[in-house]
Structure formats: C-alpha cells, structure tokens
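Colleague: Okay, handing you the structure first.
The values are calculated or read from the model by the stated rules, or taken from the named source; none is laboratory data. What you see is a predicted model; the values in this text were computed from it and never measured. Ideal geometry is used to build each Cβ from the backbone, glycine not excepted, and the neighbour counts take in all protein chains shown.
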Amino acid sequence: MTYQNVPAPVAPEINLGDSFVTTRVDAVVNWGRRNSLWPFPFGTACCAIEFMGIVSSVFDVSRFGAELVRFSPRQADLLIIAGTVTYKQAPVLRRIYEQMCEPRWVISAGACASSGGFYDCYCTVPGIDEIIPVDIYIAGCPPRPEAFLESIVQLQKKIDKESLVEQRTVGI
Amino acid sequence: MIAHRTHVPQGPIQPGLTNEQLATLLGERFALTRDASDRWDLTLVCKAEQLREVVKYLRDEPTLSFAMLLDVVGVDYLAYPGHRSERFAVLYPMKSLAFRHRLVLKVMVDEEACVVPSLCEFYKSVEWAEREAWDQYGIVFAGHPNLKRLLNHHEFVGHPLRKDYPCQKRQKLSMNDPMIDQLEARLRSLGYTILERGETSVGQAITRPSAVPSALPKAGGKP
Amino acid sequence: MKVITPQGEHVDLMTLNVGPSHPATHGTLRILAALDGENIAGCVTEMGYLHRGFEKMIEQGTYSQVLPYTDRLNYCSAMMNNIGFCKAVEKMFAITVPDRCIVVRVILSELSRIIDHMVCTCTNLVDLGALTNFWYFFNTREQVYVIWEKLCGARLTNTMTRIGGMYRDTYHGFEDDVRAVLVKIESAVHEVRGLIEHNKIFIDRTKDVCAVSAADAISWGWTGPCLRASGVDRDLRKDEPYYGYETYNFDTVIGTSGDTFDRIMVRMYEMIESVSIVRQALDRLKPGPINTLDARLSLPSRDQVYHDMEALINSFKLVYEGVRPPAGICYDATEAANGELGYHIISDGGTNPYRVKVRPPCFTQYAAYADMLTGSMLADVASSLGSINIIAGELDR
Ligand code: SF4
C-alpha cells in the first residue's frame, strides 16, 4: 500500500463562488408568505360572486399567487369575507377565524363586510371588525375585481413589513 | 305523513274565469267579499274560520283547481292611515296551473289572539311560508307541525317586521341552534324510534359558548 | 344516535352537520343529516344566514330607493329583479312603458337569464368536480358583464331599470356587442354540453338522483326550470305573457323525470332558447323614446324645468318625494331565471311602500330540499343543491 497524496481539505465555500446570498430570515419568510397566500373565501352574498370572477380566467388572481382557494380554514392563511354578515352568521365566522393557524390575515371585501353596507337594520352586523380583526378593507358594492387585486397587493406590502422574530419574542 | 292531492295539468293553460266571475262565484258560495283596496287583482276577504274550507274548495274544485299557493304574506296595519279594523292580515296569493286565473285571499287577524288556522295539510309549500310569517309578525298558525323561527336566529326576541319594532334594534346571537330536536322530530315523523341521543358532534361543536366575544382582539394589529 | 328503523332494525345513526360555511352550500345554508352509512336517513335544513332585512329596509325608503335592494336579491341576474319590481309599480300606475324600453328589457332579461343559468350550471358542475366547465362559462359571462359595464357602469348590481323606463338608453354599438356575445354563448353552451351530456361519471351522479315528481313539485310550489324539469309545461312567459313574449318564437324546455340531470339540462337548453329570443328582440329594436312621458313617473326635461313652472314643481316633487302609487294591494310576477318572481306591494298612497313582500322562487325549492334528500346518498347533497339553484340573497332576503 503506497502513500497517496491527498489534497488538503478546503473550506467548502471556496467552490461556491457567487451562488449564494446572505439575507435576513424575515425577508425570506415574508417573501414566501407574501407570494403564496391561500385564501379561504367566506363568501355569503353578492360579493362572493365577484370573488368567483377574480378567480376565473379573465382577472386571474394566480398572477398574485393567491389562487389556491381552500375551503378548510386549517389550510388557509387568508380569510376573505365577501358578503353581508348577519348576527346569525357571526358565531360561524368567529369560529372559522379561530380555526385558522397563524400567520393569518383578513380581507374584508365590500361595503357590507366593512360596515354593514346599506343594510342598516336589526339583523346585520355593522362591520365584521366587531367580531374579528381585519387587515384590509375594500370599498365597493361589490368591489370591482381590480379592487380585489389591489387589496391583495396591499396585503403583500403589509406582510413584507412583518417580522418573524418580533412575533416570536413578543408572542403575537 | 299528510296526504297531498295535486292535479298535474295536461296540455296548455286554459283561459279560466275572469276576476268578476270568480268574485261572484265565491261570493255566492262562501259570502266572500272583495277587499276595499283591491284595484288591480282579485283580493277576497275571508274569515279565519272559513279559511280551510275555502282553500280546500279552491284546490279541489275541477273548474277552479288552484294548485299552487304561492306565498303567505303577513301585513301589519298599525301605521296604515285610516285603518280601523284588526291590526294584522295574512294574504294568500294563489294560482291555478290549469287555468289562467289567480286570486288573493285575505284574512284579517286580531291582535289579541293573533291566530289563523294552518294550511299545511293542503299544500306542502305552506309550512315554511307560515314559519316565516310567524317569525316576522308573530302570527300563530294553529295546527302547524313545527312553528319555529325561520329567518331570524333562535335567540331573537320580538317580531321584526311589526311596525313598532325599531328598524335598528339589533339582537346578538351567542350560539347557533343545534337543531338536534328538529332532526329527532323529523326522524320520528319518518317512522324511526329514537332510543338514545348518543354523541352528537353537532350539538357540542357548534354551541361552544365563545361565539361572540366580549373583548375583541386588537383590530388592525398583526394577526 | 341509536334508533329503530321503520323496518324494525336497530341501527346507530351518525349525525353530520354540513354548512353553513361549506363550499357546496354557498356559504349560507345548513343541513343537519342523520346518516346510516352513506345514506341519509333523515335531515333538516336551516336558512336565514343571509337574512339582511330587505323587507324592513325598503319600508324606510321611497319606491325608487327600493331598486338597489332588488339588485341584491338574486345577484346572479340583478337586471331581472329590477325589471320585475318596476313592472309591478308600473302596473299600479296603469302605464305601459314605450316600445323601445320593452324590447330593451326583454333583451336584458334574457341575457340575465343566460348568465344566471351559467352560474348555476357551472357551480353545480364544480360541486361535481368538473372544473373545466367553470372556465368556459365564466369567460363568456365576463363578456356579458362588459356589456353591462358599458350600459350602466356596474358589473353585478346594475340598477339599470327605472320606474317608467330605463336609467338611460343603450349605447352606440350595443346591438353589435350583443350579437357578438350571443355567438360566444352558443359556442360555450355547445362545448359544455359536449363535456357532460354523454359523460358517464356525470350521468351516473345525476340521473335518477333526488327526483321530484310533477305532483310533488306543484304542491311544493315550484316554478321555473325546476318545475319544468319535472315535466310540467308552465312558463309565465307563455302562460301570462308580458312584454310581448307571446310574439316571440321560442319553446319551453321540459324534462321528464325531474332528477338532477333534467334540472341541469333544462337550464342548458333554455340558454339556447334565450339566445334565440334575444336575436328576435334585436331585430325589433327601433329608435324611439325609452322613458315614459307620464308626469307622475318621469322627470321633465331640463329645458322644460327652466321654462315652465309646472315642470319645475313636478321635478322637485319627484326628486324630493318620489312617486306615489295609488293605495291598494298589488301582486305582479315575472318569470325570472329561477321561476316566478312575485312582488306583493301594499301601498298606502304615500311615497314609501307600506309593505313589499317578495316571493322568491328558490324559497319553495329550498323548502323541499330536506324531503328530496331523504333516502339518497351523502354525495347527492352537493349535486342536487346546485341543481335547484339556491341564491341566498333572494332566499333569505
Ligand atoms: S357590499 Fe354590496 S355587493 Fe357586497 S355583499 Fe354587500 S350588498 Fe352585496
């Protein structure tokens, strides 16, 4: 058995050249969260029909990475409330919100969800923020599809500013 | 279950009777009178005691054959200018599928008793329509198998479409109706005998009492 | 729960709650079923999750202010609800709207009927797992919405009709747009029919499922496509024609067995009939006034208002108070996409409606739903609910 000359080990990074970047955890995580929102459409009324419109081919919400509609709150991170919420519906909505895992965001679409709309009477909740916290409000009755898309862009901006570390340490 | 007799019309619709002919016919037979406010259609005032008899006749008489009871409409005349008689009324718009005639039966309902006989045994469509009228106006339909609220939630107090119910008086709901009792009643009516209630995931899961919270999470904060 | 069946067996039934927030129940309906294996031994249904006080709200406003609320009854075909309400109020005034208005209303109604049937059919097919049809129909539907936007600016909730006329006349090029969209509709219907009509999975899941006999359908008060699917040839457009429907050449589509398959197919073929009605109506569209000149209903022209005291007063009265139909009880119905849409209006002679009761066509259909399901399989819940086309807006009001 002859002694062979084994090359001295080198630091692995040497061979990698420019193929990696350094960044913050927040930026990576937020990038991922922002671009793959999975919406749960809590559609009750007319606004839900417009929501179906933006999922379909003409407006195509998949351009913004939010096309994977999930009908289980456990698999979704974006709750879109499209339609009027009545007092009869309120416990259901509250429960669905509680079933969603963190991180979760809420978009209130349309006049009814945001403020009760023009149904100001004995049975309608005057804005879902009486029941659950809301991130983005969209105006309109129903909101135009462009407004829906804009709300998703706004939500992405908002997600970008969030910090994983902060959430962990402060515990929110 | 209740036996429902219905004639299925064959062929195209026939002309049928005019409003005047109908009014005379029913006026002679049951002493129904035309309502004072009927200008466009035929509205006949009927006494509550007669109602079931009249409806049965209207449905089963081959020359009339009012096969469909379209709706049960409650009305509260409390704020109606110049109204002197009973406070409530129930309107029963009916139509025939064999003939081209329609009519509306109107029954005045006294505020004290607030009772009208139920028509559930004549038309299947009536059951829910009467529940709705009860829910909205508090008119009791005597003989109804399941007179429960339909549109408003089960903790609602009062009857919102009465003219003295304030439009913006909101009533919160703490938990949804488990409906197990209704399901059991339904199974019983289908011939089942219930031995044991057993585990009902529904009753427990939905009636969790945290439903509408008193303290809200911080709105607008990071969720 | 432990029960003894009518046949005397001891079985253990499982209770299962479906809805109200379930994709197949459109967010607002709830079914509580007792299951024996996969069979539904019995079930009860609940509604009211979208009860938003329509009837209370419209007692607060004037007759014209009712119109936006009617849009939101059946929001898949908002135009037809507007037209139904305006027709009822016009009946109270005993006026007929101008010919051009009538023809435009027919065109808008039939196009609305088409898009309503499209939404109904394709969401039903999505519930059955056939997603492709959804893209076909929604694409075409968007093109109808482009016409709606050009007409009045809104996509879904149009409020295009006014009492005594329309909000405005059609735009230049309306006929061409409609004709172009009709071709698209025909091809979309053709494609979807090609996908489902002989599809074994579709047929197996819908044929003889939740069938409703003609006698039952009548007793339940069903109207519209669902009644016709059970084999009863009744359509208000033929039986009590309004807006000159008796002069159009079209067929009513009827089914034979009243099962889910028939209900879907009746809608499919009705779309084709509606396309033909729209074509005939377009040929009849002649220039002319679109609003009635009746001073009780329509605003005088600006020119008159500036020069004539009477017209000025009338304009003020109409704007500040609104129209005043004579006191009385009026019932008027139109054949909407789902069936007989009736408005029962009680007027006390004032400017606000004293009481308006809508007769929503799907109310009676949903009332029958628990009966339909009894004895069928759990998987039929989704397929049959789609086929009776429950629109929560008009169901719960
Ligand atoms: S905001 Fe308007 S369109 Fe949306 S649910 Fe409310 S009434 Fe309907």
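Colleague: Take residues that are surrounded by fewer than 24 Cβ atoms within 10 Å (Cβ to Cβ) and away from the ligand (no atom under 16 Å from the Cβ) and tell me which of the helices (runs of 4 or more DSSP H) falling wholly in the range A:42-122 contain 3 or more.
Modeller: Once the helices (runs of 4 or more DSSP H) in the range A:42-122 are filtered for at least 3 residues that are surrounded by fewer than 24 Cβ atoms within 10 Å (Cβ to Cβ) and away from the ligand (no atom under 16 Å from the Cβ), what remains is A:90-99.
Colleague: If you don't mind, there's one more thing I want to ask. Given the options B:Glu86, B:Glu20, name the one that is assigned to a helix (DSSP H, G or I) and more than 14 Å from chain C (Cβ to nearest Cβ).
Modeller: Residue meeting the stated conditions: B:Glu20.
Colleague: Next up: For the range C:160-169, name all the residues that are away from the ligand (no atom under 16 Å from the Cβ) and either within 14 Å of another protein chain (Cβ to nearest Cβ) or crowded, with 21+ Cβ neighbours inside 10 Å (or both).
Modeller: Scanning the range C:160-169 gives C:Thr161, C:Arg162, C:Ile163, C:Gly164, C:Gly165, C:Met166.
Colleague: Residues C:Thr123, C:Thr157: which one is more than 24 Å from C:Arg279 (Cα to Cα) and within 16 Å of the ligand (Cβ to nearest atom)?
Modeller: Residue meeting the stated conditions: C:Thr157.
Colleague: Determine whether C:Arg355 is within 13 Å of another protein chain (Cβ to nearest Cβ) and under 30 Å from C:Ser21 (Cα atoms).
Modeller: Here the answer is no, as C:Arg355 does not meet what is asked.
Colleague: Of everything in the range C:1-28, what is over 15 Å from C:Asp127 (Cα atoms) and touching a residue at least 40 places away in the same chain (Cβ under 8 Å)? Give them in sequence order.
Modeller: Those that are over 15 Å from C:Asp127 (Cα atoms) and touching a residue at least 40 places away in the same chain (Cβ under 8 Å): C:Leu16, C:Thr28.
Colleague: May I pose another question? Which one is farthest from the other protein chains (Cβ to nearest Cβ) among residues in the range C:102-134 that are hydroxyl-bearing (Ser, Thr, Tyr) and within 19 Å of C:Asp169 (Cβ to Cβ)?
Modeller: Among them, the one singled out is C:Ser109.
Colleague: While we're looking at this one, here's another question. Among the helices (runs of 4 or more DSSP H) contained in the range C:192-237, which hold 1 or more residues that are basic (Lys, Arg) and either buried (at least 19 other Cβ atoms within 10 Å of the Cβ) or modelled with pLDDT of 85 or more (or both)?
Modeller: Qualifying helices (runs of 4 or more DSSP H): C:200-206, C:224-229.
Colleague: Which count do you get for residues in the range C:149-188 that are among the hydrophobic types (A, V, I, L, M, F, W, C) and closer than 22 Å to C:Ser64 by Cβ?
Modeller: So the answer is 7.
Colleague: Could you count how many residues in the range C:1-39 are part of a strand (DSSP E or B), within 22 Å of B:Glu127 (Cα to Cα) and among the β-branched types (Val, Ile, Thr)?
Modeller: 1
Colleague: Specify which of the listed residues (B:Arg170, B:Arg162) is at pLDDT 80 or above and in contact with a Leu (Cβ under 8 Å, 6 or more places away or on another chain).
Modeller: So the residue among B:Arg170, B:Arg162 that is at pLDDT 80 or above and in contact with a Leu (Cβ under 8 Å, 6 or more places away or on another chain) is B:Arg162.
Colleague: Would you check if there is a residue in the range B:128-136 being modelled with pLDDT under 85 and more than 21 Å from B:Ser37 (Cβ to Cβ)?
Modeller: No, because not a single residue in the range B:128-136 is modelled with pLDDT under 85 and more than 21 Å from B:Ser37 (Cβ to Cβ).
One line per residue, one yes/no per condition, for (1) over 21 Å from C:Trp135 (Cα atoms); (2) out of contact with any Lys or Arg (no Cβ under 7 Å at 6 or more places or on another chain); (3) without any contact (Cβ under 8 Å) to a residue 24 or more places away in the chain:
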| site | (1), (2), (3) |
| --- | --- |
| A:Met52 | no, yes, yes |
| A:Gly65 | no, yes, no |
| A:Ile80 | yes, yes, no |
| A:Val85 | yes, yes, no |
| A:Pro91 | yes, yes, yes |
| A:Ile107 | yes, yes, no |
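Colleague: Contact list please: Cβ distance under 7 Å, first residue in the range C:200-218 and among the small types (Gly, Ala, Ser), second residue assigned to a helix (DSSP H, G or I), pairs at least six apart or on different chains.
Modeller: Taking only residues 6 or more apart or on different chains, the pairs are C:Ala217/C:Cys226; C:Ala217/C:Leu227.
Colleague: Now, a different point. Does the range C:45-67 contain any residue that is of a type in the set (Gly, Ala, Ser), outside any helix (DSSP H, G or I) and within 8 Å of another protein chain (Cβ to nearest Cβ)?
Modeller: Scanning the range C:45-67, I find at least one residue that is of a type in the set (Gly, Ala, Ser), outside any helix (DSSP H, G or I) and within 8 Å of another protein chain (Cβ to nearest Cβ), so the answer is yes.
Colleague: Could we say that C:Gly42 is modelled with pLDDT of 80 or more and facing chain B (nearest Cβ under 8 Å) here?
Modeller: yes
Colleague: Return the residues of the range B:156-198 that are among the hydrophobic types (A, V, I, L, M, F, W, C) and over 22 Å from A:Val125 (Cα atoms); say none if nothing qualifies.
Modeller: B:Met179, B:Ile180, B:Leu183, B:Ala185, B:Leu187, B:Leu190, B:Ile194, B:Leu195
Colleague: Here's a follow-up. Please specify each residue of the range A:72-86 satisfying the condition of being over 21 Å from A:Gln156 (Cβ atoms) and hydrophobic (A, V, I, L, M, F, W, C).
Modeller: A:Val85
Colleague: Look through A:Pro126, A:Pro142 and report the one residue that is in contact (Cβ under 8 Å) with a residue 24 or more places away in the chain and in a loop (DSSP other than H, G, I, E, B).
Modeller: Only one candidate qualifies: A:Pro142.
Colleague: Please work out which residue is farthest from the other protein chains (Cβ to nearest Cβ), limiting yourself to the range A:65-108 and to residues that are within 16 Å of A:Glu150 (Cα to Cα) and at pLDDT below 85.
Modeller: The qualifying residue farthest from the other protein chains (Cβ to nearest Cβ) is A:Gly65.
Colleague: May I pose another question? For C:Tyr243, only one of the following conditions fails: (1) at positive phi; (2) free of Cβ contacts under 8 Å to residues at least 24 places away in the same chain. What is its number?
Modeller: In the conditions (1) at positive phi; (2) free of Cβ contacts under 8 Å to residues at least 24 places away in the same chain, C:Tyr243 misses (2) alone.
Colleague: When you check C:Tyr320 against the structure, is it free of Cβ contacts under 8 Å to residues at least 60 places away in the same chain and of a type in the set (Phe, Trp, Tyr), yes or no?
Modeller: Criteria met by C:Tyr320.
Colleague: Return a yes/no flag: does the range C:81-101 have any residue that is polar (S, T, N, Q), within 14 Å of another protein chain (Cβ to nearest Cβ), away from the ligand (no atom under 16 Å from the Cβ) and closer than 28 Å to A:Met52 by Cα.
Modeller: Within the range C:81-101, not a single residue is polar (S, T, N, Q), within 14 Å of another protein chain (Cβ to nearest Cβ), away from the ligand (no atom under 16 Å from the Cβ) and closer than 28 Å to A:Met52 by Cα.
Colleague: Then there is this: Anything in the range B:102-159 that is over 29 Å from C:Asp332 (Cβ atoms) and crowded, with 22+ Cβ neighbours inside 10 Å? List them, or say none.
Modeller: B:His153, the sole residue that qualifies.
Colleague: Starting from residues that are of a type in the set (D, E, K, R), without any contact (Cβ under 8 Å) to a residue 12 or more places away in the chain and assigned to a helix (DSSP H, G or I), keep the ones in the range C:267-315 and report whichever is nearest to C:Gly224 (Cα to Cα).
Modeller: Within the range C:267-315, the match that is nearest to C:Gly224 (Cα to Cα) is C:Asp283.
Colleague: Taking the condition of being more than 16 Å from the ligand (Cβ to nearest atom) and closer than 19 Å to C:Tyr354 by Cβ, how many residues in the range C:61-80 meet it?
Modeller: Adding up the residues that qualify gives 3.
Colleague: If you go through the range C:124-144 one residue at a time, how many are touching a residue at least 60 places away in the same chain (Cβ under 8 Å) and within 12 Å of C:Arg267 (Cβ to Cβ)?
Modeller: 2
Colleague: Could you tell me which residue of the range A:123-139 is farthest from the ligand (Cβ to nearest atom), considering only residues that are within 13 Å of chain C (Cβ to nearest Cβ) and crowded, with 20+ Cβ neighbours inside 10 Å?
Modeller: By that ranking, first place goes to A:Cys123.
Colleague: What single numbered condition from (1) within 13 Å of the ligand (Cβ to nearest atom); (2) touching a Ser or Thr at 6+ places or on another chain (Cβ under 6 Å); (3) assigned to a helix (DSSP H, G or I); (4) without any contact (Cβ under 8 Å) to a residue 60 or more places away in the chain fails to hold for A:Ala147?
Modeller: Answer for A:Ala147: the failing condition is (2).
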